[in-house]
Amino acid sequence: MSTTCCSTTTEEPSPALPVVETAPTGCCSTPEPAEKAAEEQASSCCGSETDKPEAVEASDCCDAPAAEPESEPVASGCCGPAEPEPVAASGCCGPQEEQADPAQVRTGLSLDDAIAALGGGIPQATDPTPYAQADWLRATEKSLRGAKAWHTVADRGEGDIAFLPGYVFDVDPIVDADPRTLLGWQPKDGTAACCSATTSCCESATDAVEALGADAFFPSLLLGSPLGYRSEATASVEDPLLVADLVDRIVPAAIEAGFRSITAPWLHDSAYSDVLALALQAYGGDIAFHGENNLLDLQHDSYDAYLASLPSRKRRRVKEDRERADDSGTRIERKDREELRPLISRITELVTQNRQKYEGGEDEAHIGALLTELVDGGADIRAYLVHKDEAVVAASVTVRRGKRLFVKWAGFDYEALGERSGVYFEIALDRPLRDAFAEGITAIEAGPGADEAKRLRGFRPGQIRSVVLVTDAALRPKVAELHAAYGQARRETLGAAEEAAPTTAIGRLRAKLLGSTAYEPIKPLQPEGGCCG
């Protein structure tokens, strides 16, 4: 079914975070009249014991004065005039913390309305990925069938703004955007989600999800960038609590609009993602392991220094991969930005072949639209192209944002290259690495997949979590059981290590809230074991 509520906007402050007014401290307030002198003798200059701010017991400003002969009260407090000029966020006894008011939040916005509300562009202070940028989101809306923009903007004033993209799907979106996929469900045609834990073994999970019915999940709101595989909020300030303000408006508005589920499928490690997960959990959402991303911090002065830092066994493997690429009879070149325009069709064809081989959810329309929009928008996009007999037989596409490089796509003509040409490693990892060092890039994000080759080169795993929230509270226990079991199946299939037990109280609390398996072992869906248990 379709919904007509997606364009509704609301400007009310979040009800979950009330405005807090700071009461005046006693030591700077107007003195009591003379008839209450007896009461004053029983208290310090800051008032009675119950009026003292707890955090300033040892302050010189509020120490009791030495005894003096009785006299008429003077129009002065312990810190100066009895009626001082107001000072924002400060008390007479030292700075006092002021809690920020909740932001004004508007949700259900189109991309154009969201950008206008943000002042003309996506906020950049939190170093967002390319997948949260306007060009990427515009291409998503153009190419992804059934996706209706439902973006959210928070504005706290004085330039403090935040943005969280979202899309509504009525029914049967691509498998990567289907909330049922996060529970182990697979469509009848066998299509698998990107980097799925399995393709055919979770029949019992599929049956259990089918029994709940499609109406339990659709219409569905996906928070994030479905073709970027990223559930990511961006902001103009480093303040994760702005994300809580976003969620405090999103969930009630989504329920009011008739949405049956809310998902954040790809939460990468960050303070913003943690707050987004916990805020959704507070409304009844369930958090589970989803996968791993491959990350490399470039801590050396050059590629040669980086390579020398690897153990000899790994250096030997990298050298062997390069020698195979050199012996493949191919020529490799790099093209950037506008140079890619005449090559978009061929790159799209190669990447689509690769996605189909490894059961990715993106198709030719998505990839072509994204490449075109990135070039049109002037994004720092570059491709490494492999030529053989004058034909382009392989391509790897990367996007630079600030000091980070994102390896997004790779495509190969395996009939022309064979399965072990070494070309993949050269164009998807080694060439981007060498160029990154030369350009002063500080980190590379290579995404999931080909984990062994990436870890061989020093990439480390970064955890990805997913959150599922169904609006029918009666279904939440079953959904949580299915979600947890599928998360564990993915962890085992991908060979991801269990999270190490935290050593601090704050770490243990955070792990408890986020459902760390170190403290909350996941119950198997099938007690007798099996791929989903």
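The values are calculated or read from the model by the stated rules, or taken from the named source; none is laboratory data. Quick caveat, the model's predicted, so the values are computed rather than measured. Note that each Cβ is placed from the backbone with ideal geometry, even for glycine, and that neighbours are counted across all protein chains shown. For the accessible areas, the whole protein counts, side chains as well, though only heavy atoms, and no ligand, DNA or RNA atoms are used. Shrake-Rupley method; radii C 1.70, N 1.55, O 1.52, S 1.80 Å.
Taking a point 7 Å out from the Cα of ARG455 in the direction of its Cβ, none of the residues of the range 403-433 has a backbone N less than 15 Å from it. Pairs LYS142/LYS478; LYS188/LYS408; LYS454/LYS478; LYS188/LYS478; LYS142/LYS403; LYS335/LYS408: which exceed 27 Å Cα-Cα? Cα-Cα > 27 Å for LYS142/LYS478; LYS188/LYS408; LYS454/LYS478; LYS142/LYS403; rest within. Summarising the amide proton neighbourhood of ASP269: residues at separation of 5 or more, or on other chains, whose placed amide H is nearer than 5 Å comprise GLN463.
Within the accessible area of the range 452-494, the carbon and sulfur atoms contribute 54%, probe 1.4 Å, all protein chains present. Taking only protein heavy atoms and a 1.4 Å probe, the accessible area of the range 201-257 is 52% carbon and sulfur. I need the shape label for the range 360-471. Rule: rounded when a/c is under 1.5, else prolate if a/b > b/c, else oblate, with a, b, c from the alpha carbon gyration tensor. Because its axes are fairly even, with a/c under 1.5, the range 360-471 counts as rounded.
Taking a probe of 1.4 Å, how large is the accessible area per residue of the range 215-312, in Å²?
Details: 3070 Å² over 98 residues.
Result: 31 Å² per residue.
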